[in-house]
Amino acid sequence: MTVMNVLEKTLRTSFGEIENVNSNLLDWQEVDGQPGNYIKVLTVDEKRHRVDFLFRQDPHKEFAKHNHRCTAVALTLEGLWGYREGDEMHFPGTFSYEPPGSAHTPYSSEQGMTVYASFQGTGPEMLDILDEDDNVVDTLTLDFFKQYYQP
Ligand SMILES: [Fe+2]
């Protein structure tokens with residue numbers, strides 16, 4: 001007997017506060033101001049200042065240097081990437097924990113990269129975008145990520 005699984009053809013389901021997402025049905029959306037960087041927003045929890053998402057970089061791309069106002073975690077799913085400030089390279093299965101106050105510039109190798117990531121804030125501020133002198137030039141809030149949410 002074949003059991004119909006509603007998530008196979010449905011982007012989102014929920015019961016109570018539980019949300020389920022078939023991320024294969026989400027479209028990659030290029031991140032504003034960050035060419036070659038793409039996002040699929042899985043869930044946004046405004047009450048708890050949290051966003052969960054998939055993030056992808058095309059080969060040899062970079063995301064602007066930033067300082068974390070939130071706690072971030074990232075699990076690499078595909079490719080090879082690193083931080084300009086460090087020597088280590090992340091491959092599928094590697095995990096990063098980035099507490100508030102971490103500053104770095106993620107860049108991808110010739111393989112590009114895909115990660116699952118989660119940002120957990122204590123308020124709506126998630127990332128401060130820095131210039132080359134580490135001045136804050138922009139602050140990305142939960143609303144910035146919410147604009148990529150596909151219902
Ligand atoms: Fe980061």
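We did not get these values from a lab; they are worked out from the coordinates using the rules stated. As the structure is a prediction and not an experimental result, all values here were calculated from the model. Here the Cβ is made from the backbone with ideal geometry for all residues, glycine too, and neighbour counts use every protein chain on show.
Structural remarks
- Neighbour cut-off at most 11 other Cβ (10 Å), DSSP loop, GluC sites (Glu not before Pro), region 61-111: E85, E88
- Shape of region 41-145, Cα gyration tensor, a/c cut at 1.5: oblate
- Full-stretch length increase - D87, L75 - with 0.36 nm per residue and alpha-carbon distance subtracted: 2.5 nm
- 3J(HN,Hα) along region 130-136, derived from phi through the Karplus expression 6.51 cos²θ - 1.76 cosθ + 1.60 where θ = phi - 60°, amounts to 10, 8, 5, 9, 6, 7, 6 Hz, with x in place of Gly and Pro.
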